[in-house]
1. So, restricting to strands (runs of 3 or more DSSP E) that lie completely within the stretch 123-196, which ones have at least 1 residues that are over 26 Å from MET16 (Cα atoms)?
2. Which residue pairs have Cβ atoms under 7 Å apart, sit 6 or more places apart or on different chains, and have a first residue in the stretch 173-185 that is more than 17 Å from ILE7 (Cβ to Cβ) and modelled with pLDDT of 95 or more and a second that is open to solvent by 50 Å² or more (accessible area, probe 1.4 Å) and among the basic types (Lys, Arg)?
3. Please work out which residue is nearest to ALA145 (Cα to Cα), limiting yourself to the stretch 192-209 and to residues that are surrounded by fewer than 23 Cβ atoms within 10 Å (Cβ to Cβ) and aliphatic (A, V, I, L, M).
4. Please state which of the following conditions GLN189 fails to meet, knowing it meets all the rest: (1) buried (at least 17 other Cβ atoms within 10 Å of the Cβ); (2) under 18 Å from ILE7 (Cβ atoms).
5. Taking the stretch 135-168, which residues are open to solvent by 50 Å² or more (accessible area, probe 1.4 Å) and in contact with a helix residue (DSSP H, G or I) (Cβ under 6 Å, 6 or more places away or on another chain)?
6. Cβ-Cβ below 7 Å, separation at least six or inter-chain, first residue in the stretch 16-31 and polar (S, T, N, Q), second open to solvent by less than 30 Å² (accessible area, probe 1.4 Å) and assigned to a helix (DSSP H, G or I): which pairs?
Amino acid sequence: METQARIQLSGEPDGMQNYFDALTQAGAVPVGGYCPSPDLTCDGLVLCGGGDLDSALFGQENRGSEAPDHARDAAELALFQAFFQAGKPILGICRGMQVINVALGGTLIQDLPPEARARHTGPEGDLVHPVRALEGSLLHDLYGAVFSVNSSHHQAVDRLGEGLRATAWAEEGFPEALDWIDRRIMAFQFHPERMAFSRRRPDTVDTAELLRAFEALCWWNTP
């Protein structure tokens, strides 16, 4: 019997079920919760969506950020550093992408103007919009040059952190996905856990293969 990858998750106290369900359906064993300590017996890390980071963490005064959760900020930066130093795969989703970028020295746009936010409402209140993928990236290979995703955010990545490259962009020009191939890091501003498996939707791409690709990265770490 093949060993399943164990993946540590960090997210909001009552907002992680979709992530657990999606990763389980992708073939992984998700563990974790709110502000967990790093568990390096796990094969990879997922940093989930949620509220805004403290703007002081990227050297700015508050310019439209919502009140931060300092405990979660500290916990997730520590999780990132632990898994990064261990060379294990890391996936960031929405806030998680922003945590990765800030942890590597990048900055954020704290409050996108209304005209720069997705405007096409889909089921369950998600906003649906097209993104443009970098040729040769995993996203481009799976979905082509332009495809539709969901969004739920008022902040975005600005200056990229060390080692990261943008692999998809919103129509307004800010990054919708990042990666660092050599360090097995991938990050998405959209929510793949809400576009796959039991939450597959007709107005976006099917992100099941994206989640399976991350699970496969983690699986190679299993003993």
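The values are calculated or read from the model by the stated rules, or taken from the named source; none is laboratory data. Given the structure is predicted, the values throughout are model-derived calculations rather than measurements. Neighbour counts run over all protein chains shown; Cβ positions are idealised from the backbone, glycine included. We work out accessible area using only protein heavy atoms, side chains counted, and drop any ligands, DNA or RNA first. Shrake-Rupley method; radii C 1.70, N 1.55, O 1.52, S 1.80 Å.
1. Strands (runs of 3 or more DSSP E) meeting the threshold: 127-133, 146-151, 165-170.
2. Short answer, once both residue conditions are applied: LEU178/ARG165; ASP179/ARG165.
3. The selected residue is VAL205.
4. GLN189 satisfies all of (1) buried (at least 17 other Cβ atoms within 10 Å of the Cβ); (2) under 18 Å from ILE7 (Cβ atoms) except (2).
5. LEU142
6. What qualifies is ASN18/GLU193.
Matching residues to (1) over 16 Å from ALA103 (Cβ atoms); (2) out of contact with any Phe, Trp or Tyr (no Cβ under 9 Å at 6 or more places or on another chain); (3) among the hydroxyl-bearing types (Ser, Thr, Tyr):
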| residue | (1), (2), (3) |
| --- | --- |
| VAL157 | no, no, no |
| GLY163 | no, no, no |
| PHE174 | yes, yes, no |
| TRP180 | no, yes, no |
| LEU210 | yes, no, no |
| PHE214 | yes, yes, no |
